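Comments concern the structure below.
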Amino acid sequence: MTTRILLVEDEEKIARFLELELQHEGYEVAKATNGRTGLEMAESGGYDLVVLDVMLPQLNGLEVLRRLRQSSQIPVILLTARDAVMDKVAGLDMGEDDYMTKPFAIEELLARIRVTLRKKTEPVSKRPVLQCGKLQVDIARHQVWYDQEPVSLTYKEFLLLQTLMENQDIVLSRDTLLERVWGFDYMGETNVVDVYIRYLRQKLDDAYSTKIIYTVRGVGYVIKGEPS
Ligand code: CA
């Protein structure tokens, strides 16, 4: 069965280019050139994924996403320019959604589309669950449990926890964490790693009176199995 992608992008040249690339990959593409039409089309169903520009006439991409989420769980990849809006996007709790900063390499967008679609169709039993003591992290579903209780994390908190869990007992430097979670080209505050480690500790270590995340002074952070 063909995979159908809804492309919401007002810049004609970009839209045309993306459409051709997506079709070349074998996807069926429908286009909308403003937020309102994009939202209506997405809500009407029948698509497997939405590629959604943020700066759109009539209704911006963030508003489209917010309204769409009231009725649909279709995966969305946001396209954003590197500006003030990007911070807003980066701060969103995006669940299984993703975003890319313009300009981007088309190969990267195609790769992310493949990953997103694969996650959507993977049977639950095949999904990797990382475990550390009483902590469980379901990578594909972006879900975390401590002692069987669900823990609610934002998108970035989750990515940070995932990175630490994938490297259990290995100390990761702030630079490594910054690069893996926020990307090579992150331009914001450099203490963002420490800030997010603090958020994670509040939700895990503090909330469950345990010790999971360790600071290694002068080096970075590590997740270790709890002492029994
Ligand atoms: Ca635009």
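The values are calculated or read from the model by the stated rules, or taken from the named source; none is laboratory data. What you see is a predicted model; the values in this text were computed from it and never measured. Please note: Cβ atoms are built from the backbone with ideal geometry, for glycine as well, and neighbour counts cover all protein chains shown. Each accessible area value is taken on the protein alone, full model and side chains, heavy atoms only, with ligands, DNA and RNA left out. Shrake-Rupley method; radii C 1.70, N 1.55, O 1.52, S 1.80 Å.
Close amide H partners of MET100, meaning residues 5 or more places away or on another chain with modelled amide H under 5 Å apart, are LEU78, LEU79, THR80. Most simply put, the chain has about 50% antiparallel DSSP beta bridges, counting only bridges with both residues inside it.
Normalised per residue, the accessible area of the chain is 53 Å², obtained with a 1.4 Å probe and no contribution from ligands, DNA or RNA. With distances taken between every two different alpha-carbon atoms, the chain has a Kirkwood hydrodynamic radius of 19.0 Å. Run the simple label-point estimate for SER44 and PHE184 please: 7 Å along Cα→C-beta, distance reported in nm. Going by the 7 Å Cα→Cβ label model, 4.0 nm.
Remark: for residue pairs LYS102/LYS224; LYS102/LYS134; LYS119/LYS156, the C-alpha separation exceeds 30 Å in LYS102/LYS224; LYS102/LYS134.
For the chain, the fraction of 1.4 Å probe accessible surface lying on carbon and sulfur atoms is 49 percent. Length available on full extension from THR2 to ASP83: 0.36 nm per residue minus the Cα-Cα distance, which gives 25.6 nm.
Amide H contacts for LEU59 (H built 1.01 Å from N in the peptide plane; partners 5 or more residues away or on another chain; cut-off under 5 Å): GLY35, ARG36.
Using every pair of distinct Cα positions in the range 4-121, the Kirkwood expression returns a hydrodynamic radius of 14.0 angstrom. Across the range 36-51, rounded Karplus estimates of 3J(HN,Hα) from the backbone phi angles (6.51 cos²θ - 1.76 cosθ + 1.60, θ = phi - 60°) give 5, 4, x, 5, 4, 5, 4, 5, 5, x, x, 10, 9, 6, 10, 9 Hz, Gly and Pro being marked x.
In the chain, the calculated helix contribution to ellipticity at 222 nm averages -10500 deg cm²/dmol per residue, counting -39,500 (n - 2.57) for every DSSP H run with n ≥ 4. Computed from backbone phi with θ = phi - 60° and the Karplus coefficients 6.51, -1.76 and 1.60, the 3J(HN,Hα) list for the range 197-202 is 4, 5, 4, 4, 5, 4 Hz; x is used for glycine and proline.
Note on ARG174: accessible area is roughly 80 Å² with a 1.4 Å probe, heavy atoms of protein only.
Note on the range 141-200: the alpha carbon radius of gyration divided by the globular reference 2.2 N^0.38 Å gives 1.15.
Between TRP145 and ALA105, the simple spin-label model (points 7 angstrom out along Cα→Cβ) gives 3.9 nm. Here's how it looks for GLN143: its modeled amide H is under 5 Å from those of ASP138, which are all 5 or more places away or on a different chain.
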